[in-house]
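Written below as structure tokens is the structure these notes are about.
The values are calculated or read from the model by the stated rules, or taken from the named source; none is laboratory data. Nothing here was measured: the structure is a model prediction, and the numbers come from that model. As a convention, Cβ positions derive from the backbone with ideal geometry for all residues, glycine included, and neighbour counts pool all protein chains shown.
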Amino acid sequence: MRPFFTAVSVSKNSFLAARGARLENDLVRDFGDPAGELTATTSAGVLAELSQFGVLAFTGDDARAFLNGQLSCDVANLANDAGAYGAYCSAKGRVLANFLLWREALEFRMLLTRSLVLPVRDRLQKYVLRAKVAIQERTDEVVVLGAAGRPAADEVAGWIGQLAPSPLAIARKNGFAAIAVPAGRFLLTARTESAQAAWDRLSRALRPVGAACWDWLEIANGVPWITVATQDRFVPQMVNLELLGGVSFQKGCYPGQEIVARTQHLGNLKRRLHLANVGADTMSAPGEELFSDDLGAQSVGTVVNAAPAPAGGFDILAVVQTASAATAKVRLGSPSGYELHFRPLPYTVP
């Protein structure tokens with residue numbers, strides 16, 4: 001059996017291209033039918049290869065303590081069979097990256113936006129000092145797949161075995177980890193040598209789709225991903241990370257902890273993450289500013305993530321001034337831009 005991915009990206013691309021993938025900038029754009037794939041994302045089981053993310057690994061005797069002192073989530077009490085969302089913040093409490101963290105054998109693995117892997121690695125490395133911690137990029141060694149839709153749980157269970165029902169629970173078998181993420185979806189991670197068989201088996205029942213389909217699922221489920229364009233702009237609560245379990249208010253200090261805790265205690269957050277549809281012809285970009293009828297040329301928010309929507313236009317997650325979102329028309333890019341049509345998030349926002 002040939003390995004699925006190797007450290008050379010062309011090997012991954014060749015494998016996917018042989019199975020119908022059309023690639024652009026090392027991402028799977030689609031499998032030949034972007035509109036049909038997007039529709040399937042709402043009504044059928046789908047399978048995606050997630051090269052829009054990268055993986056960092058933390059090993060060493062002090063890795064747990066080091067991460068607990070750097071990240072917003074409770075790493076000290078992270079179980080082997082569960083993952084955790086979290087944030088890495090600046091001293092001012094602004095999110096430099098958000099992530100999904102879990103244990104795999106003797107290391108912690110961190111999934112985050114691929115463009116932030118090396119900057120986060122290099123920044124964290126500065127604080128290792130004499131601690132027994134090694135930080136390595138595993139992006140070319142660890143395959144990350146996404147499975148979603150009603151058949152996904154049955155197909156993943158058929159591959160791995162019984163799945164735990166709780167959020168972010170992890171089931172393992174045959175070198176694979178299946179991490180339950182919101183809305184009955186799964187992130188599947190494995191070393192390169194295990195992934196080809198999994199893809200070929202799962203893709204018999206789950207339709208292969210492009211990366212944008214998974215991006216839309218994350219947006220629809222209110223899971224934001226910080227990118228280079230939105231680094232250092234929001235405290236974790238602005239992007240609802242505390243609602244996703246990504247902030248512990250009982251643990252000890254980490255960079256920005258005092259500001260994050262004060263924000264929670266005061267309860268006067270004026271901007272929050274919202275889900276909206278925009279009926280534009282061109283997709284908005286992370287970092288694009290928002291404006292409202294009530295405040296004119298003053299920006300009232302920022303796009304965090306965007307993806308084509310199955311119902312047309314684009315769905316976005318955006319941090320928006322709460323008062324403007326409730327009472328005014330909010331527009332994309334300028335006071336005369338496309339109007340945002342807000343939709344409820346799948347979880348309760350204070």
For this session: Give the number of residues within the stretch 128-146 that are over 27 Å from Q196 (Cβ atoms) and touching a residue at least 60 places away in the same chain (Cβ under 8 Å).
Result: 6
For this session: Out of V304, V300, V247, V260, report the one residue that is of a type in the set (V, I, T) and closer than 21 Å to A220 by Cβ.
Result: V304
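So, in the stretch 260-291, of the ones that are of a type in the set (G, A, S) and in contact (Cβ under 8 Å) with a residue 40 or more places away in the chain, which residue ends up surrounded by the most Cβ atoms within 10 Å (Cβ to Cβ)? First the steps, then the outcome.
Within the stretch 260-291, the subset of a type in the set (G, A, S) is 261, 267, 276, 279-280, 284-285, 287.
Still in the running and in contact (Cβ under 8 Å) with a residue 40 or more places away in the chain: 267, 276, 279-280, 284-285, 287.
Details: G267: 8, A276: 24, G279: 14, A280: 17, S284: 22, A285: 13, G287: 14.
Residue satisfying both the conditions and the ranking: A276.
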Seminar exercise, completed: Across the stretch 183-225, the tally of residues that are part of a loop (DSSP other than H, G, I, E, B) and crowded, with 17+ Cβ neighbours inside 10 Å stands at 8
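Could you check the stretch 4-97 for helices (runs of 4 or more DSSP H) lying wholly inside it with 1 or more residues that are farther than 23 Å from F186 by Cα, among the hydrophobic types (A, V, I, L, M, F, W, C) and touching a strand residue (DSSP E or B) at 6+ places or on another chain (Cβ under 9 Å)? Spell out how you get there, then give the answer.
Working: elements: 9-18, 34-43, 63-68.
Where helices (runs of 4 or more DSSP H) fall fully within the stretch 4-97 and carry at least 1 residues being farther than 23 Å from F186 by Cα, among the hydrophobic types (A, V, I, L, M, F, W, C) and touching a strand residue (DSSP E or B) at 6+ places or on another chain (Cβ under 9 Å), they are 9-18, 63-68.
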For this session: Would you please list the contacts, defined by Cβ atoms under 7 Å and residues six or more apart or on different chains, that run from a residue in the stretch 152-166 that is touching a residue at least 24 places away in the same chain (Cβ under 8 Å) and surrounded by 12 or more Cβ atoms within 10 Å (Cβ to Cβ) to a residue that is part of a helix (DSSP H, G or I) and not acidic (D, E)?
Result: E155/L202; W159/A198; W159/R201; W159/L202
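Inspect all residues belonging to the stretch 247-255 and state whether any of them is among the basic types (K, R) and free of Cβ contacts under 8 Å to residues at least 60 places away in the same chain.
Going through the stretch 247-255, the residues among the basic types (K, R) turn out to be 251.
From what is left, the residues that are free of Cβ contacts under 8 Å to residues at least 60 places away in the same chain are none.
No - not one qualifying residue is present in the stretch 247-255.
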Exercise. Only one of (1) over 18 Å from the mean Cα position of the chain (by Cα); (2) at pLDDT 95 or above; (3) not assigned by TED's automatic domain parsing to the domain that holds L101 fails for T282. Which number is that?
Worked result: (2)
Exercise. So which residues in the stretch 158-201 are under 16 Å from D81 (Cβ atoms), in contact with a Lys or Arg (Cβ under 9 Å, 6 or more places away or on another chain) and of a type in the set (S, T, N, Q)?
Worked result: T189
Exercise. Looking at (1) over 17 Å from Q70 (Cβ atoms); (2) at pLDDT 95 or above, which is the one condition that is false for P236?
Worked result: (1)
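Check the stretch 226-243 and report whether any residue there is among the small types (G, A, S) and part of a loop (DSSP other than H, G, I, E, B). Give the steps one after another, and end with the answer.
Let us first name the residues in the stretch 226-243 that are among the small types (G, A, S), namely 229.
Applying the additional criterion that residues be part of a loop (DSSP other than H, G, I, E, B) yields none.
Checked the stretch 226-243: no residue is among the small types (G, A, S) and part of a loop (DSSP other than H, G, I, E, B).
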Problem set entry | Selection count where residues are surrounded by fewer than 17 Cβ atoms within 10 Å (Cβ to Cβ), part of a loop (DSSP other than H, G, I, E, B) and touching a residue at least 24 places away in the same chain (Cβ under 8 Å), scope the stretch 167-181 | 1
Exercise. Got at least one residue in the stretch 316-330 being in a loop (DSSP other than H, G, I, E, B) and touching a residue at least 40 places away in the same chain (Cβ under 8 Å)?
Worked result: no
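Condition test on G252, is it outside any helix (DSSP H, G or I), small (G, A, S) and touching a strand residue (DSSP E or B) at 6+ places or on another chain (Cβ under 8 Å)? Walk me through it before giving the result.
Details: outside any helix (DSSP H, G or I): yes; small (G, A, S): yes; touching a strand residue (DSSP E or B) at 6+ places or on another chain (Cβ under 8 Å): no.
So G252 fails the test.
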Seminar exercise, completed: Counting only residues that are surrounded by fewer than 19 Cβ atoms within 10 Å (Cβ to Cβ) and touching a Gly at 6+ places or on another chain (Cβ under 9 Å), the stretch 115-127 contains a total of 3
Problem set entry | Residue ID - farthest from R103 (Cα to Cα), chosen from residues in the stretch 128-146 that are buried (at least 17 other Cβ atoms within 10 Å of the Cβ) and touching an Asp or Glu at 6+ places or on another chain (Cβ under 7 Å) | L145
Problem set entry | Residues within the stretch 58-78 that are crowded, with 17+ Cβ neighbours inside 10 Å and either of a type in the set (A, V, I, L, M, F, W, C) or closer than 12 Å to P255 by Cα (or both), tallied | 12
